[in-house]
1. Taking region 188-197 as the search range and keeping residues that are surrounded by 18 or more Cβ atoms within 10 Å (Cβ to Cβ) and of a type outside the set (V, I, T), which one is farthest from P73 (Cα to Cα)?
2. Report, ordered by the first and then the second residue, all pairs with beta carbons closer than 7 Å, sequence separation of six or more or different chains, a first member in region 154-171 that is over 23 Å from H67 (Cα atoms), and a second member that is assigned to a helix (DSSP H, G or I) and of a type in the set (G, A, S).
3. Please state which of the following conditions C81 fails to meet, knowing it meets all the rest: (1) assigned to a loop (DSSP other than H, G, I, E, B); (2) of a type in the set (A, V, I, L, M, F, W, C); (3) closer than 21 Å to Y164 by Cβ.
4. So how many residues does region 30-88 have that are of a type in the set (D, E), over 15 Å from F127 (Cα atoms) and surrounded by 12 or more Cβ atoms within 10 Å (Cβ to Cβ)?
5. For region 20-54, what are the residues that are within 19 Å of D154 (Cβ to Cβ) and either in contact with a Cys (Cβ under 7 Å, 6 or more places away or on another chain) or assigned to a loop (DSSP other than H, G, I, E, B) (or both)?
6. When both residues are 6+ apart or on different chains and their Cβ atoms are under 7 Å apart, which pairs have a first residue that lies in region 111-127 and is surrounded by 21 or more Cβ atoms within 10 Å (Cβ to Cβ), and a second that is of a type in the set (S, T, Y) and outside any helix (DSSP H, G or I)?
7. Is it the case that I100 is β-branched (V, I, T), assigned by TED's automatic domain parsing to the domain that holds F54, within 16 Å of the chain's Cα centre (by Cα) and at pLDDT 95 or above?
8. Quick one: S211 ticks every box in (1) in contact with a strand residue (DSSP E or B) (Cβ under 6 Å, 6 or more places away or on another chain); (2) exposed (fewer than 15 other Cβ atoms within 10 Å of the Cβ); (3) not β-branched (V, I, T) bar one, so which box is it?
Amino acid sequence: MAKSYSEEEIKDKLSFIRLTELRETPIKGNFDLEHLKKINAYIFQDSPEVAGKFRPEVKVYSDEVWHKNRNYPKFGVITVCYSSMDRKSIEEAENVLSSINIERMKELNQSDFAKELADIYKKLDYFHPFPDGNSRTLREFTRTLSEEVGLKLDWSKHNRQEIYLARDFEVNTIALSKVSDQNQKFFIEDEIEAILKHPKYKPLEDIINDSLSPLELSQQKNYCVDFSFNKEISDHSGKNTYNVLVNSVPAQQAIKNDPNVVNVLKGLANHSDIKAKEITLEQLQSGFIQPKKLDNEIKVTRPDNRTLDANGHKIEAQKQKLSSLNYDNVRAIESSFNLKNRIILCLMKKRKMKFLEVYYF
């Protein structure tokens with residue numbers, strides 16, 4: 001007989017499915033608060049009452065802090081203190097995120113990047129902006145950030161307890177620095193000391209550093225270069241003119257968004273067919289090309305569209321081998337949910353999704 005799940009358990013399992021989808025297609029953004037909201041909204045889209053929404057400000061008295069109690073099996077309860085989500089807390093979070101500079105981070109060695117990422121993570125965790133799913137959202141946010149820098153962040157290398165202890169220590173350390181009431185200070189200090197006594201405690205920076213590794217070449221960013229006919233310029237100049245689009249963005253704007261596009265176009269300029277049509281790097285960077293008519297052509301034709309790696313080398317199309325969802329688990333979920341959501345899950349069941357290193361908790 002299939003196991004019956006509560007609605008809350010079903011929503012948790014659905015959020016796990018959303019996380020696997022994000023491994024395939026990460027949410028793009030500027031690593032700001034809106035980006036954070038979009039990630040949370042995607043993960044918890046099956047719970048629209050909370051998805052992508054910040055929790056309200058918590059009104060606390062001067063001798064109180066907003067907190068949660070976390071039970072550590074065979075150890076006891078640890079109290080973790082978070083921001084009250086007031087205007088000052090939001091501004092501090094905005095400042096943390098505005099300090100993110102992808103190009104500068106690419107120049108850091110792995111240990112220095114781990115240190116900086118741990119600092120971002122702990123401050124955002126103290127901020128704790130969402131009613132639910134802060135941990136899942138922050139792990140996906142930092143995983144995506146790491147990929148942009150060229151590193152793979154695999155949280156599954158450490159277990160739930162290790163990660164929770166590390167981040168609870170950091171969050172309480174921040175909370176301690178923000179309280180003025182002496183009784184609050186004594187209380188938070190006791191919680192910090194308790195965490196340090198746990199046999200599984202490891203510093204957050206060490207956990208992140210252990211979880212980082214260089215991205216495989218196949219996992220690094222790809223660039224799709226397309227050439228589309230520009231009728232207006234062609235009619236005006238009398239020469240067939242084509243727009244240069246990189247990942248569907250005009251080349252000049254793409255360079256502003258991602259300076260590495262220059263390297264991609266440099267590599268493209270050396271392709272034999274591009275050289276044969278006398279298309280220069282300057283043309284590619286300008287966003288407009290006017291290819292030469294080749295002897296074997298009846299009329300001027302545009303170059304073929306192509307997918308390139310970060311150095312402008314052509315990537316051959318390959319069929320991806322995807323593994324399917326565990327259908328037995330999905331059927332079990334279906335049996336305890338309403339008809340509408342069972343239909344949604346049936347549709348999910350038919351989609352092939354790639355399971356990567358997802359550590360769900």
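The values are calculated or read from the model by the stated rules, or taken from the named source; none is laboratory data. Since the structure is predicted, the reported quantities are computational estimates derived from the model, not experimental observations. We place every Cβ from the backbone using ideal geometry, glycine too, and count neighbours over all the protein chains shown.
1. My answer is E191.
2. Note: pairs meeting the criteria are D154/S211; W155/S211; K157/S211; H158/S211.
3. Among (1) assigned to a loop (DSSP other than H, G, I, E, B); (2) of a type in the set (A, V, I, L, M, F, W, C); (3) closer than 21 Å to Y164 by Cβ, the lone unmet condition for C81 is (1).
4. Matching residues across region 30-88 total 2.
5. Correct list: T25, P26, I27.
6. Qualifying pairs under 7 Å: Y126/Y82; Y126/S83; F127/S83.
7. Here the answer is yes, as I100 does meet what is asked.
8. Exception for S211: condition (2).
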